[in-house]
1. Just flag the chymotrypsin sites (Phe, Trp or Tyr not before Pro) in region A:21-107 sitting in loop per DSSP whose Cβ has no more than 11 other Cβ atoms within 10 Å.
2. When the distances between all Cα atoms of chain C are binned every 10 Å from zero, what whole-number percent does each bin get?
3. Looking at the P(r) of region C:2-48, how many percent of alpha-carbon pairs lie beyond 13 Å?
4. About the Cα centre of region A:3-105, how large is the charge dipole given +1 on each Lys and Arg Cβ and -1 on each Asp and Glu Cβ? Please answer in debye to the nearest 20.
5. Note down the magnitude of the dipole of the protein assembly as shown about its Cα centre, charges +1 on Lys and Arg C-beta and -1 on Asp and Glu C-beta and zero elsewhere, to the nearest 20 debye.
6. Mind checking the angle between helix A:3-25 and chain A's longest principal axis? C-alpha axes, 0 to 90 degrees, to the nearest 10.
7. Exceeding 24 Å between C-alpha atoms, which entries from my cross-link table qualify? They are B:Lys76/C:Lys73; B:Lys76/C:Lys146; A:Lys88/C:Lys95; A:Lys96/C:Lys147; B:Lys76/C:Lys90; C:Lys90/C:Lys146.
8. Summarise the long-distance tail of P(r) for chain B by giving the % of C-alpha pairs beyond 20 Å.
Amino acid sequence: MNSISIILYIVGAAFDLFGCLGLLRLPDVYNRLQSATKSVTLGTCSILLGLFIQYGFSATGIKALIAIPLLFFTSTVAAHALIRGSYKAGIDLWDKTVVDHYKEQNK
Amino acid sequence: MIDILLYILMGLSFLCFLRVIMGPSVADRMVAIDIFGILVVGICVFLAIKTQRLFLIDVAIAWILISFIGTITLAKYLTRKKLDE
Amino acid sequence: MKQITLFIIMFLLWMGFSFSLEVANIIAGIFAALLTTIIFSNRFLTSWQKFYNPLRYFWLIIYIVIFVWECIKANFDVAYRVLSPKMPIKPGIVKVHSSLKTDIARVILANSITMTPGTITVDIIDSDLYIHWIYVKSDDPEYYTKKIIGRFETLLKRIFE
């Protein structure tokens, strides 16, 4: 156990906490996705990086290092698919939304 | 130390289930399930350190892929159908 | 040549995932990579020459450094908006015009936008990106185009085009 990986674990868990709080607090599905994708993905990437620092260039460390870009690409594509799907399914934006340029594409 | 972080992540997945129960629309529930899928990866990593069973990293990688496919399928379902709830 | 490039990439990925140098493992990896190459080589990697240009890798490393820094900033920004009691959010969907030509560059740009401060790509139609922004700072198209994609576009042009 070295101290850098401990710090990375704690930072990762804290970002996961912020992401889940955002999931509960924010008003509509689009804003929830904002907090969810960014905070939770980077928190988990930080945890995996801590695992890589702890184990170095062994089998476990390399697997953790490969999992980081994998998690990054899959979670961004999933967030994109979810937000597009919920717009197409007709879920309304929040009342205080200021602009919506996407509306004219969906007549 | 690792124990406390493990319990924190487990508590966070209960927060996700709270959103699944509360969520006013279908999309909210899907977002919560997606987040839960990412949190499980962190839980796998902490369990692997705690119990020294390092094959759990492979489980985490497989979980990333399966959760991705599940989310894409649900999003496709959202796109095709009008859901009112 | 296209097939060989894809085969090498897939085989390296297999070796990274399994990470053992047994003979049986390497043979299984060769078969798996061969199968992937046969199935996907026609719809993937349309321009393999770009893989052998070292300058592109140099720009890619710079891009990754800038991108990780933006990611960390994004996280603190979103964490601040979530934690502060008044929730200072002003969401909206804006339309941004990008000048990138190839598909892969657009995909990477959309992924990068999704991970930077308060922005998610909703859709890409030809070269227009529709972006959900958690705090719309101004209505001026030039301002927000520069604010959202200005940091990445020039670097991506050097990497992928």
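Laboratory data are not the source of any read-out in this text; all were calculated from the coordinates shown. Worth saying up front: this structure is predicted, and the values here are computed from it rather than measured. Cβ sites come from the backbone with ideal geometry, for glycine too, and all protein chains shown count toward neighbours.
1. Listed in order of number, the matching sites are A:Phe57.
2. 9, 28, 28, 20, 11, 3, 0
3. Considering region C:2-48, 50 percent of its Cα-Cα pairs are separated by more than 13 Å.
4. Numbers: 8 positive and 6 negative charges, 32 e Å.
For region A:3-105, the charge dipole is close to 160 debye.
5. Working: 34 positive and 24 negative charges, 61 e Å.
Computed about the Cα centre, the dipole is about 300 debye.
6. Long axis of A:3-25 versus the principal axis of chain A: about 20 degrees.
7. Violating the 24 Å limit, Cα to Cα: B:Lys76/C:Lys73; B:Lys76/C:Lys146; B:Lys76/C:Lys90.
8. 43 percent
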